[in-house]
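Let me begin by presenting the structure, written as structure tokens, before commenting on it.
The values are calculated or read from the model by the stated rules, or taken from the named source; none is laboratory data. This is a predicted model, so every value here is computed, not measured. Note that we place each Cβ from the backbone using ideal geometry, even for glycine, and neighbour counts take in every protein chain shown.
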Amino acid sequence: MELSSKLVKSVAYDPSTGVLDIEIRLKGHRRYFNVPPVVYQNLITATSPGWYYTRHIRDAFPRSADRAEGHLGALKSILGRRGQFS
């Protein structure tokens with residue numbers, strides 16, 4: 001579901017598993033676990049979904065980051081070892 005928010009681009013929620021997928025503008029996707037249905041409902045009906053996300057979701061539930069962050073971490077690891085090869 002697309003949201004009219006400067007921070008949160010879109011969200012998807014599976015009530016059977018409590019998994020909430022959020023696409024953050026310019027930052028990628030985040031997957032949150034054990035999210036109650038009321039939190040999802042509050043997010044999509046909030047006057048400011050970005051504010052609701054940062055206040056009630058971002059640091060409140062376990063999450064996994066998108067694959068782009070994983071690639072960035074791998075790149076940093078490789079670049080950090082450059083001195084070992086010279």
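Checked against (1) buried (at least 17 other Cβ atoms within 10 Å of the Cβ); (2) at pLDDT below 95; (3) among the hydroxyl-bearing types (Ser, Thr, Tyr), SER64 meets all criteria but (1). The set of residues from the stretch 1-24 being loosely packed, with under 13 Cβ neighbours inside 10 Å and either in contact with a Lys or Arg (Cβ under 9 Å, 6 or more places away or on another chain) or under 20 Å from PRO62 (Cα atoms) (or both) comprises GLU2, LYS6, ASP14, PRO15, SER16, THR17.
Checked across the stretch 23-30, the condition of being assigned to a loop (DSSP other than H, G, I, E, B) and either basic (Lys, Arg) or touching a strand residue (DSSP E or B) at 6+ places or on another chain (Cβ under 8 Å) (or both) holds for at least one residue.
For every residue, the table says whether it meets (1) at pLDDT below 95; (2) surrounded by 12 or more Cβ atoms within 10 Å (Cβ to Cβ); (3) in contact with a Lys or Arg (Cβ under 6 Å, 6 or more places away or on another chain); (4) among the charged types (D, E, K, R).
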{"position": "LYS27", "(1), (2), (3), (4)": "yes, yes, no, yes"}
{"position": "TYR32", "(1), (2), (3), (4)": "no, yes, yes, no"}
{"position": "VAL35", "(1), (2), (3), (4)": "no, yes, no, no"}
{"position": "TYR40", "(1), (2), (3), (4)": "no, yes, no, no"}
{"position": "THR45", "(1), (2), (3), (4)": "no, no, no, no"}
{"position": "TYR52", "(1), (2), (3), (4)": "no, yes, no, no"}
{"position": "ARG55", "(1), (2), (3), (4)": "no, yes, no, yes"}
